[in-house]
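Working notes, beginning with the structure itself.
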Amino acid sequence: ELDEKCGASGLCVVAFVSQEEGVKKDTDEAVIAAVSRNMVEKPFKFVYVDPAAQRSFASAFEVTASDVPTVTVVSMRKNRFATYRKTFNADGVAEFLQDVLNSKQRTQMIQEIPKLVPGGEEPEVIEEVIVEEEFDLADIMNEEVEGEAGMSKEELQAKIEKEIEEEAAAAKEAEEEAKRKAEKKAKKKKKKKTTKKDASEL
C-alpha cells in the first residue's frame, strides 16, 4: 500500500493513527483529511498506518503505539524522514509539512524504507513475570526505628512518656494482683487455723 500510494511521490505523509473504532479514531482522521485538502497542490501523498499493527514499520521511524496520533514525512527518493512531535491538530501538522517543504525541518537518514506487513503483525505477547517479595527481618525491625526518625521532638517525647505511663500502670496492676493473692491466701490460712482451734475446744 505504501509503494502504491507513495512510490512515485516525492514526499509521503504517513499518518500514524490508531485503527480502533471510536470517536478518537474519527477525530484524528478528520485532522489528516483537513490537512490533505488544504495541501492538495503540494507534492504530498497521504497514507494511514496503525503502529500497533505495524510495529516494525513504525519503529523504523521512531514511532510506537503510545505516540499516536502523529505523522511522519518520508522522502521515498532520498531515504530521509521527519516525525511530528508537537500537539496534534490541523494547524500544527500543516505548519510542520510546510517546514519540510521549505527545508526548515530537520530530517534523518534511513537506510531502507521498510515494508508494511500485509494484514498487520501478530499482536505482541507480553509475559507477566511474578516476583515473590522477600522480607528481610532487619527491615521489619527497622520499621519502628524509621518511624521514630520521622517524628518531631515533641511527638517523640510524647511517645516516650506514654510508654513510661503504660509500663508504670502495668507494674502497679501486677503489684496489686500479687497483693490480692497474698491477702486471699492469708485469709484462707487464718480461717483454717480458727476451725482447727474450735474443734480442739470441743
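The values are calculated or read from the model by the stated rules, or taken from the named source; none is laboratory data. Being a predicted model, the structure only gives us computed values, none of them experimental. For neighbour counting, all protein chains shown are included, and Cβ atoms are generated from backbone atoms with ideal geometry for every residue, glycine included. Calculation scope for accessible area: heavy atoms of the full protein, side chains included, ligands and nucleic acids excluded. Shrake-Rupley method; radii C 1.70, N 1.55, O 1.52, S 1.80 Å.
Seen from residue 73, the other residues with C-beta closer than 12 Å to its C-beta sum to a net charge of +4, counting Lys and Arg as +1 and Asp and Glu as -1.
Surface composition of segment 37-103: carbon and sulfur atoms hold 45% of the protein heavy-atom accessible area at a 1.4 Å probe. In this rough spin-label picture, where each label sits 7 Å from Cα along the Cβ direction, the residue 64-residue 168 distance is 6.2 nm.
Were the residues from residue 101 through residue 184 laid out at 0.36 nm apart, the gain over their Cα-Cα distance would be 19.3 nm. Per residue, the solvent-accessible area of segment 1-109 (1.4 Å probe, heavy atoms of protein chains only, all protein chains present) comes to 55 Å². When you count the other C-beta atoms within 10 angstrom of each residue and take the mean per peptide, 104-115, 48-59, 154-165 line up highest first as 48-59, 104-115, 154-165.
For segment 1-84, the antiparallel share of DSSP beta bridges with both residues in that region comes to about 60%.
Using the structure shown, select from 86/115; 24/78; 159/181; 24/115; 42/78; 45/104 the pairs with a Cα to Cα distance greater than 24 angstrom. 86/115; 24/78; 159/181; 24/115, as the Cα separations exceed 24 Å there. Put a plus charge on the Cβ of each Lys and Arg, a minus charge on the Cβ of each Asp and Glu, and nothing anywhere else: the dipole of segment 66-118 about its Cα centre is then about 240 debye.
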